[in-house]
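The values are calculated or read from the model by the stated rules, or taken from the named source; none is laboratory data. All of these numbers come straight from a predicted model, not from anything done at the bench. Reconstructed Cβ throughout: ideal geometry from the backbone, glycine too, with neighbour counts over all protein chains shown. The accessibility values were calculated without ligands, DNA or RNA, using every heavy atom of the protein model including side chains. Shrake-Rupley method; radii C 1.70, N 1.55, O 1.52, S 1.80 Å.
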Amino acid sequence: QVQLVESGGGLMQAGGSLRLCCAASGFIFSNYGMAWFRQAPGKEREFVAAISSSGVMTYSADSVKGRFTISRDNAKNTVYLQMNTLKPEDTAVYYCAAGFRTQGTRSYEYDYWGQGTQVTVSS
C-alpha cells in the first residue's frame, strides 16, 4: 500500500524556518521524482519544488527560490523541504507527491499524494 506521510508543519512567525518531511512507503522510492505542492485557502494548488529520483536535479518556483530547499534521502525513503525566511503568503497546506521518473512542475505528472500538512506564518 502506497503511503506518503507529511510532518513538520505548524505555526511560525514571519522570518522563521520550518522543515517539512515526507516519509514514503509502498513503492520503489528511488525510481520516483518527488515534489512539494501547496494550496492556500481559496486558491489553486501550486507547485513549490521538485527533485529528481537521484536527487541530482532540483527545481523551485520563483516565489520560493532562494528561501526553500528540497532534498531527499533515498536510504530513508524521505523527502524534505527546508523553508527559511518564511512569509505570511507561504501559509498553505503543503502536499508531498511522487511521480515515476519525473521532476515536473504540473500536478498531473505525479501519481501519489500525501494528506498534507498545514503551515501557517504569522506577520
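Looking across the stretch 1-23, just one residue is small (G, A, S), open to solvent by less than 30 Å² (accessible area, probe 1.4 Å) and farther than 9 Å from V119 by Cβ, and that is G16. Apart from one condition, A61 fits all of (1) surrounded by fewer than 18 Cβ atoms within 10 Å (Cβ to Cβ); (2) aliphatic (A, V, I, L, M); (3) under 21 Å from L11 (Cα atoms); the exception is (3). Scanning the stretch 93-123 for residues that are at positive phi and either open to solvent by less than 60 Å² (accessible area, probe 1.4 Å) or of a type in the set (A, V, I, L, M, F, W, C) (or both) turns up just one, G116. When the stretch 31-52 is limited to residues that are among the polar types (S, T, N, Q) and under 14 Å from the mean Cα position of the chain (by Cα), the one that is surrounded by the fewest Cβ atoms within 10 Å (Cβ to Cβ) turns out to be Q39. Here is the figure for the stretch 89-105: residues that are of a type outside the set (G, A, S) and farther than 14 Å from G9 by Cα total 6.
Among the residues of the stretch 1-26, the ones that are in contact (Cβ under 8 Å) with a residue 40 or more places away in the chain, part of a loop (DSSP other than H, G, I, E, B) and at positive phi come to 2 in all.
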